Amino acid sequence: MNFFFNARGAFARQVAEDRAVPEAAMSPPRRPSSSHGDRASCETLQKNNSSNSGVILDISSLKMAEVDTEVPPLPPRYRFRDLLLGDQTFQNDDRVQVEFYVNENTFKERLKLFFIKNQRSSLRIRLFNLSLKLLTCALYVLRVYLDDPDQVINGVWDLIFWVNRRDPVWAIQVTVALISFLETMLITYLSYKGNIWEQIFQVSFILEMINTVPFIITIFWHSLRNIFVPVFLNCWLAKCALENMINDLHRAIQRTHSAMFNQVLILICTLLCLVFTGACGIQHLERAGKNLSLFNSLYFCIVTFSTVGYGDVTPQIWPSQLLVVILICVALVVLPLQFEELAYLWMERQKSGGNYSRHRAQTEKHVVLCVSSLKIDLLMDFLNEFYAHPRLQDYYVVILCPTEMDIQVRRILQIPLWSQRVIYLQGSALKDQDLMRAKMDDAEGCFILSSRNEVDRTAADHQTILRAWAVKDFAPNCPLYVQILKPENKFHVKFADHVVCEEEFKYAMLALNCVCPATSTLVTLLVHTSRGQEGQMSPQPWQRTYGRCSGNEVYHIRLCDSKFFGEYDGKSFTYASFHAHKKYGVCLIGVKREDNKSILLNPGPRHIMAAADTCYYINITKEENSAFIFKQEEKHNKVLPAAGLYDAPSRLPVHSIIASMGTVAIDLQNPDSPEDGDKLALPTENGAGSRRPSIAPVLEIADSSAILPCDLLSDQSEDETTQSDEEGSVGSDFVKGYPPNSPYIGSSPTLCHLLPQKAPFCCLRLDKGCMHSSFEDAKAYGFKNKLIIVSAETAGNGLYNFIVPLRAYYRSRKELNPIVLLLDNPPDNHFLEAICCFPMVYFMAGTIDNLDNLLQCGIIYADNLVVVDKESTMSAEEDYMADAKTIVNVQTMFRLFPSLSIITELTHPSNMRFMQFRAKDCYSLALSKLEKIERDKGSNLAFMFRLPFAAGRVFSISMLDTLLYQSFVKDYMIPIARLLLGLDTTPGSGYLCAMKVTEEDLWIRTYGRLFQKLCSSSAEIPIGIYRTESHMFSTSESQVSINMEEGEEQREGRGGSWKEKAAHRNSTASDQSEHPLLRKKSMQWARRLSRRGAKPASRAERISQQRLNLYRRSERQELSELVKNRMKHLGLPTVGYDEMNDHQNTLSYVLINPPPDTVLELNDIVYIIRSDPLAHVPDDPPIARPRGTRRQQDFGTETRDETHL
């Protein structure tokens, strides 16, 4: 006992001595610099941290070391307390040295760290163990090959229990068994957790003992060296070692393969182990029977497990037969479990989509498409447009979508055309793991599309914004192409490379549709990829021309690299545009300087082309894919007289006509040529042969005196001087300026017509009077121009982009149309504050399915009605039923007001076939068949031949999705589209407008000559034609005959004016030649009826005809009476309602960049890009112009003095 207390006292003294040294070393220093004791303490701390023995934490040294850089200052209240009371924490603090060890500082724990816990060392151990097991299996096969059963002669059972094992093989097997035994015992010892029986009865431990202990016994008992040991069972231990090795490999490299890979590997290993075990076991047992070779045993096992069972090799003795039964039972239990797990993983992988491998991402190019829900229409539009470009054929598309793959989408992706190039991954863009699966950091681009079918479009935008932020955070260098719905959310994604705001484009396009007909069709055709092959097999001439011109797209090329424009270096832009169109048929519409990032549409003749300029042009294909063929006869054709050129234009090739056009323009300036005067002079009313002015040549360098001065900012413009007093009192109050209130951040400032003072909110209400005005309907206001009515659900910020293009500064004041917003829900004050500065903009609460609301807002005085798709109807149980209410309401208005131009927005483009639907229209049926044919051919524009779309009467915003897709290849498409629609106003850039070809303009004859006239006189660039033709829609043969007879009576009763005769000729030619196949049977039937007209008609025929006429008249009269009764009930005059004047028997279509030899027709509307008036405002006072030199700026007014073309 004394010894114990003495030892205890000595230990206490030693501890006290040990504590004295750290206390001296850890005493607080008197100055900021560290003492030697501090450095010693830090060195001791580093030494303890580097060793595995433990970590000694010294709180005071950690607190005082490097106080200026690492330790933050104390809060003020602690410093103030220390200042008053002094720092006494170190005086009475009894510190105790505490050692913390990362691992237990024992030999067992060190072994466990090396063999089990450390991933890299454990991986090496398991790889060594796998090698040992495979070596034992190989040694067993070698022993079987060297075995001679004849040497064992003691009996049948001796052949089973004893084998012939040679000494070298025995020595190697014993060595391997000894190593395996020691390793197994060591691992068992290190894995021991208190239950020894759990370790002993493990299958792997039992197999190790069976395969190793007998060999160790033979070392001491020599007579047992030839005993049989089932070493082939080591294959199962090798399988376990392989699984453990893969797990350690995943932990070591911090990456994991898919669960599918692991499960497939386990299944393969299980099958191999079963076959190898069965082959070796049957071969050994059959030593007492047939003495099968190892190959025959393997053959028997494969035939048995595959359930073939030939029966040529069979076990003969009962032990081998029992082994076969056991193996079959094991296989029936193990394999189904493995297959079930594999099938489950396969189904889960099909749902999630798996991964896009890193190797493929580094060697192949791919883009990622992020959507919240994937529909079949969206997918096909993206794939068709994306892969329409030749250089994108080798790209892969990785779709990242959080929802499960739709059945229709799955079917599409199983098509070989897409299955090899499209990969679907189920995941979220907000998860880095899913972005890593899609290899977003290696992607060439990421498209983030909004879900426009959501009822809450603001919530859909919020999801899009978060996706864009997540992608930008994960892959900052990946180009982003973002689609946003609401304009007020656009500034959140302004960091993206390309952004398309749906409502901005939609409302601007619908607004331009009111002043430039079919602008939506024009822009849609420009942003779709096509080769102009649609409709070329159709018997209709207009379909062939329309389909061929629809292949025009916008391309770009540097001037110095261009064959089209290279020769115009140093020439004016207008000169280059005209001569490139005359020579090559391409339309140069814009240019961009090398030192300027802004694209300029038609910068005008004052812009001199430079070699470094980038040219933007419209053509069927880009210049790099064009072949230039020059023929010698072109030079000879240039000297042909003008009369010979136009006598038979169809006999000459197109390139000859184009090449000869320049000479025609020069020859026309000679007034002494009688041939030219006969060809281009128009007959006047008095029959005199007075001659029109000839077309001047386009100058290489702009002449300031030749360009008409634009003085749109001057108050003394012709608009005011030619107006009456009443009109002047209305329009003289307008001023030009920038709107003071923008409804959202990011709107482009545009110079507009504004009111001198903001209108009160009460004056903006159309149907209710106020203290400032007593008007309560559109008739009371006495508008001089036709109204534009917009029907929308709510007054969103996008409506602001509908008003701005219609109030732009370049539109004439007397041509401004009043705008009436027919809203389901009243607007808020924020929106009214934004629109109260615009003239003649009103709103009214109502819906289009209410006839009283339509009449109150002045629909009978309107020229255009724009029906905007409502957000509340965009989602339906059946997707394509989202447009049902809109279509039925528009069809009702189409019947009630046939003369009204209705522009409708639909959610799904396929529903446009129901617009202006006629149940028994044979022509619409033929167009439906043509659409199916074009779709089967793989056309991206199969819907283009539908009459409402061709005429610009229907539009779907989903058709503009291709604008975002094309920006991946053409990064200039979005800026050009914004400039065309008036969303952006770049100084010096032109704008889109339209002019109408009247009877006085037909002397120009061809589109090429019109191009020259516009370029030489006003520096305007035409880009297309909107053409309207007369057409008879046959609902049945009887109605065809009635329409024919009514047409004959009308033609007999009409006067003989030249205009009416020309229209009659156009209508007759259109009816008889343009649609020969579709109406051949009906026309023949109509001719037979006309021949029988001389004979007295039978009574039954007269009765049927009278009934039909009565039915038609009664239906029209019923609709007319309905409208008039409602107008009388509301107190509205019925004078303006004209139900008979309709345009239902016409068809209209757009020709983009038609050939120069296209003949102009009456009432053609030409799309032109007019140069910026502000860029050409002269410094001097404007020169007085003669009356009538001003032309119409856009389509909307029909009264003018004279048009000089």
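Annotation for the stretch 838-852 versus the stretch 771-801: alpha-carbon center distance of 6 Å.
Spatial offset of the stretch 879-955 relative to the stretch 168-210 amounts to 80 Å, using the alpha carbon center of each.
Electrostatic bookkeeping for THR218 treats Lys and Arg as +1 and Asp and Glu as -1; over the other residues with beta carbon under 15 Å from its beta carbon, the sum is +3.
Between ASP863 and ILE328, the modelled label-to-label distance comes to 9.1 nm, taking each label 7 Å out from Cα in the direction of the beta carbon. Between THR188 and THR998, the modelled label-to-label distance comes to 11.0 nm, taking each label 7 Å out from Cα in the direction of the beta carbon.
Note that the stretch 555-632 carries a Kirkwood radius of 12.5 Å, evaluated over its alpha carbons pair by pair.
Using θ = phi - 60° in the Karplus curve 6.51 cos²θ - 1.76 cosθ + 1.60, the 3J(HN,Hα) couplings for the stretch 963-971 round to 4, 6, 5, 5, 5, 5, 9, 10, 6 Hz; x is entered for Gly and Pro.
Provide the per residue accessible area, probe 1.4 Å, for the stretch 117-229, rounded to a whole number of square angstrom. Provide the component values of the computation, followed by the final result.
On the way: 6730 Å² over 113 residues.
With the other protein chains kept in place, the stretch 117-229 gives 60 Å² per residue.
Local charge sum around ALA612 (other residues, Cβ-Cβ under 11 Å, Lys/Arg +1, Asp/Glu -1)? Result for the local shell: -2.
Roll a 1.4 Å probe over the protein chains and send me the accessible area per residue for the stretch 369-491 in Å².
Working: 5050 Å² over 123 residues.
Result: 41 Å² of accessible area for each residue.
Taking each residue as 0.36 nm, the span from MET260 to SER774 lengthens on full extension beyond its C-alpha to C-alpha distance by 177.4 nm.
For the listed residue pairs LYS431/LYS472; LYS736/LYS1013; LYS472/LYS622, the alpha carbons are over 22 angstrom apart in LYS736/LYS1013; LYS472/LYS622. Name all residues of the stretch 550-580 having a backbone nitrogen under 20 Å from the label point set 7 Å from the Cα of LYS365 along its Cα→Cβ direction, giving them as ranges. Residues 554-558 qualify, since their backbone N sits under 20 Å from the label point. Applying 1/(1 + (r/R0)^6) with r as the Cβ-Cβ distance of ASP849 and TRP346 and R0 = 51 angstrom yields a FRET efficiency of 0.50. Backbone phi angles across the stretch 210-220, fed through the Karplus curve with coefficients 6.51, -1.76 and 1.60 (θ = phi - 60°), yield HN-Hα couplings of 5, 8, 10, 4, x, 5, 5, 5, 5, 5, 9 Hz in residue order; Gly and Pro are listed as x.
Applying 1/(1 + (r/R0)^6) with r as the Cβ-Cβ distance of ASN741 and ASP971 and R0 = 41 angstrom yields a FRET efficiency of 0.80. Could you list the residues of the stretch 287-328 with an amide nitrogen less than 13 Å from a label point located 7 Å from the Cα of PHE339 in the Cα-to-C-beta direction? Within reach of a label on PHE339: 305-308. Fully extending the segment from ILE407 to ASN477, taken as 0.36 nm per residue of separation minus the present Cα-Cα distance, adds 21.8 nm.
Maximal additional length on extending the TRP318-GLN533 stretch stands at 69.6 nm, based on 0.36 nm per residue less the C-alpha distance.
Remark on GLY1024: its backbone amide H falls under 5 Å from those of ASN1153, TYR1167, a criterion applied only to residues 5 or more positions apart or on other chains, H modelled at 1.01 Å from N. Here the 3J(HN,Hα) profile of the stretch 890-904, calculated from phi with Karplus coefficients 6.51, -1.76 and 1.60 at θ = phi - 60°, is 5, 4, 5, 5, 5, 7, 6, 10, x, 7, 7, 8, 9, 10, 10 Hz, Gly and Pro shown as x.
Applying a DSSP loop filter and a limit of 11 other Cβ atoms within 10 Å to the trypsin sites (Lys or Arg not before Pro) in the stretch 185-254 leaves LYS193. Within the accessible surface of the stretch 773-829, defined with a 1.4 Å probe on protein heavy atoms only, the carbon and sulfur portion equals 42 percent. On the stretch 297-409, 61 percent of the accessible area sits on carbon and sulfur atoms, based on a 1.4 Å probe. Amide H contacts of GLN316 (H built 1.01 Å from N, in plane; Pro and chain starts excluded): LYS290 sit under 5 Å, all sequence-distant by 5 or more or on other chains. In this structure the amide hydrogen of LEU754, modeled in the peptide plane, comes within under 5 Å of the amide hydrogens of VAL735, LYS736, GLY737, none closer than 5 places in sequence on its chain. In this label model, GLU1121 and HIS389 are separated by 6.2 nm, measuring between points 7 Å along each Cα→Cβ vector.
The values are calculated or read from the model by the stated rules, or taken from the named source; none is laboratory data. The structure presented is a predicted model; accordingly, all values stated were derived computationally and were not measured. Virtual Cβ from ideal backbone geometry, glycine too; neighbours counted across all protein chains shown. For accessibility, only protein heavy atoms count, side chains too; no ligands or nucleic acids. Shrake-Rupley method; radii C 1.70, N 1.55, O 1.52, S 1.80 Å.
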